1. Relative to the Cα centre, what is the charge dipole magnitude of segment 33-91, using +1 at the beta carbon of each Lys and Arg, -1 at the beta carbon of each Asp and Glu, and rounding to the nearest 20 debye?
2. In units of 2.2 N^0.38 Å, what is the alpha-carbon radius of gyration of segment 56-136?
3. Using a 10 Å cut-off around each Cβ, can you sort Leu35, Leu107, Leu112 from fewest to most neighbouring Cβ atoms?
4. With a ≥ b ≥ c taken as the square roots of the eigenvalues of the C-alpha gyration tensor of segment 33-91, please select rounded if a/c is under 1.5 and otherwise prolate if a/b is larger than b/c or oblate if it is not?
5. As I understand it, the dipole of segment 33-91 uses +1 on the Cβ of Lys and Arg and -1 on the Cβ of Asp and Glu, about the Cα centre. Which of Asn34, Met82, Gly70 lies farthest toward its positive end?
6. Report relative contact order for segment 71-173 in percent, whole number only (criteria: Cα-Cα under 8 Å, sequence separation at least 6).
7. Using a Förster distance of 41 angstrom, determine the FRET efficiency expected from the C-beta separation of Leu88 and Thr118, and round it to 0.05.
8. Could you pull the Cα extents of segment 89-157 along its three principal axes, largest to smallest, in whole Å?
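Values in this text are rule-based calculations from the coordinates and carry no lab data. In this text, all values refer to a predicted model and were calculated from it rather than measured experimentally. Counting neighbours? That spans all protein chains shown, and the Cβs are built from the backbone with ideal geometry, glycine included.
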Amino acid sequence: MTVPGPARASPRGFDHVDTWVFDLDNTLYPYHLNLWQQVDDRIRDYIARFLAVSRDEAFRVQKDYYKRYGTTLRGMMIEHGMKPDDFLDYVHQIDYSPLEPDAAILLCSDGLSDMLPTTTIAQIVRQHAGAPPRVVEALVTAANDAGGRDNITVVYAEMPLFAERMGSATPDSMTPTEASRIAATTR
């Protein structure tokens, strides 16, 4: 006798999604800068003020809502009818000065990192510093040219002084001589 197994739910489609947002707290900047601790403290302060409770009670509420609702914000909205805008404005008013004004960040799938050595990735970033869309396009093209066996995802952002630190002008304003100098110095 064969007993049928449980029916499998069909996977949810994501065809209706046109934009993805990833919340990457404590991953896009060095942990030692302590930016998240500032946000965490301001969440506690906001809850204490909003609920008129002590900071200790606010801490308990904050962590309880985080565990039960996935975010403290969601818990405050559900349990207390709080509107999110004032909360979000307040908790993100932190000191950003520890962030380097000349930094860049690259997030990528293994479709890129498996196809290109780190030195090649760094060379492409340096070559196109100042033009993030060109950085992404050049990295994807290079990975595809190297055989591109997997999906390639690249997210790249740079701070305003990154291109200057790399010693390059904006690629649109570079002469062929400047472009070849940068290519030569990044090998």
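1. It comes to approximately 200 debye.
2. Normalised by 2.2 N^0.38 Å, the Cα Rg of segment 56-136 equals 1.74.
3. Leu107, Leu35, Leu112
4. Rounded, because the longest to shortest axis ratio a/c is under 1.5.
5. Gly70
6. Relative contact order comes out at 36 percent.
7. 0.65
8. If we take the Cα atoms of segment 89-157, the spans are 47, 23, 18 Å.
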